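The values are calculated or read from the model by the stated rules, or taken from the named source; none is laboratory data. Note that the structure is a prediction, hence the values are computed from the model and not measured. Methodologically, a virtual Cβ is constructed for each residue, glycine included, from the backbone with ideal geometry; neighbour enumeration extends over all protein chains shown. These accessible areas exclude ligands, DNA and RNA; they are computed on the full protein's heavy atoms, side chains included. Shrake-Rupley method; radii C 1.70, N 1.55, O 1.52, S 1.80 Å.
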Amino acid sequence: MTPENIDRIRVMYRDYYHQSVDSLPDGWFQIVRDFLYEMDGLGDLTDSVSIRFERTSSGAKAFCFPEMGRWTNAQMTTLGSAQTQLYLMSQQTCEVCGNPGASEDGHVYCIGHAGELAAKARREAGLYDEIHLLFPPGHGSAINLNVPDHLFDLLASTFRAILKVVERYEVVGKVLITRVEMDDGALFVRVRYTDLTYMFIGVQMEVNELISDLEMLSDEATRKHNLGGQNAS
């Protein structure tokens, strides 16, 4: 979700907010808010419930971990109903705009957002699966591979190169890309190194150089794209 929608949920349902919401699409904002509204209506359960959201291939699921002894039968029934409603609505709600939609290759789009967007989503999901070892668990919206088309191939080739470096030095899990974001048309990538001894200074040098080149080349590609030059692709 966009930072704006994340902040709205965090403010409205502060006691139930979990960072797993961040990775859900903006089109599902309303159905997530409806679910949290139902949770809020169950009573004061802030000390006895933890909610985690997960986007699965078949829809959005909410996992709640209550202290069962503190829940009434009516509360458990309402919870189950809300979970089912969230799951069913996510199967028919466009991920982009929130209008009625239909499933297409594991995503849900309305008529206006089907086709090209579905292909782009498949492309991003494929890249994510290929390089996911570079990302920390529970990163939420901090990792966003939905970059402009003229930057995607550059981003993909750079991350593949970084993964090869990490695997060559056998430091998987110790080199983590913590943020991929567009800010005012510019691409920014942040990386964190964990438990790397001085013996692996070469890893940091290679990865830092790859990221520096990526940001420099992406700026140039964006400039050409904005000017409509023949080399902008």
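Computed with a 1.4 Å probe on the full set of protein chains, the accessible area for MET12 sits at about 80 Å². Look at the alpha carbon pairs under 8 Å that are at least 6 residues apart: their mean separation over the length of the chain gives a relative contact order of 14 percent. FRET efficiency for the LEU227 to ASP7 pair, using the beta carbon distance and R₀ = 45 Å, is estimated at 0.80.
Counting 0.36 nm for each residue step from ARG168 to TYR128 and taking away their Cα separation leaves a gain of 12.4 nm. Comparing segment 1-159 with the 2.2 N^0.38 Å rule of thumb, its C-alpha radius of gyration ratio is 1.13 (two decimals).
Quick one: pull the percent of accessible area on segment 94-181 belonging to carbon and sulfur, 1.4 Å probe, ligands and nucleic acids left out. It would help to have the intermediate numbers written out before the result.
On the way: 2190 of 4330 Å².
The computed percentage sits at 51.
Could you tell me the calculated FRET efficiency between LYS61 and MET205, based on Cβ-Cβ distance and R0 = 35 angstrom, to the nearest 0.05?
Values: r = 42 Å, r/R0 = 1.21.
Step by step, r from the Cβ atoms, then E = 0.25.
Within the same chain, lysines fewer than 8 places from LYS174 are excluded, and of the rest, those with a Cα less than 22 Å from its Cα are LYS164.
Peptides 24-34, 212-222 ranked from most to least packed, by the mean per-residue count of other Cβ atoms within 10 Å: 24-34, 212-222. Against the chain, whose longest principal axis comes from its Cα atoms, helix 116-131 is set at around 70 degrees.
Fully extending the segment from ASN146 to ASP183 would add 12.1 nm, taking 0.36 nm per residue of separation and subtracting the current Cα-Cα distance.
Radius of gyration (Cα atoms) of segment 173-221, expressed as a multiple of 2.2 N^0.38 Å: 1.27. If both residues of a DSSP beta bridge must be in segment 100-212, then about 90% of such bridges are antiparallel.
Run lengths n ≥ 4 of DSSP H only: what is the helix-derived mean residue ellipticity at 222 nm for the chain, with -39500 (n - 2.57) per run over all residues, to the nearest 500?
After summing the helix terms and dividing by residue count, I get -15000 deg cm²/dmol.
What's the Cα-based Rg to Rh of segment 136-211, Rh via Kirkwood? Rounded to two decimals, Rg/Rh equals 0.97. Here, segment 80-134 has an Rg and a Dmax of 13.2, 37 Å when only alpha carbons are counted.
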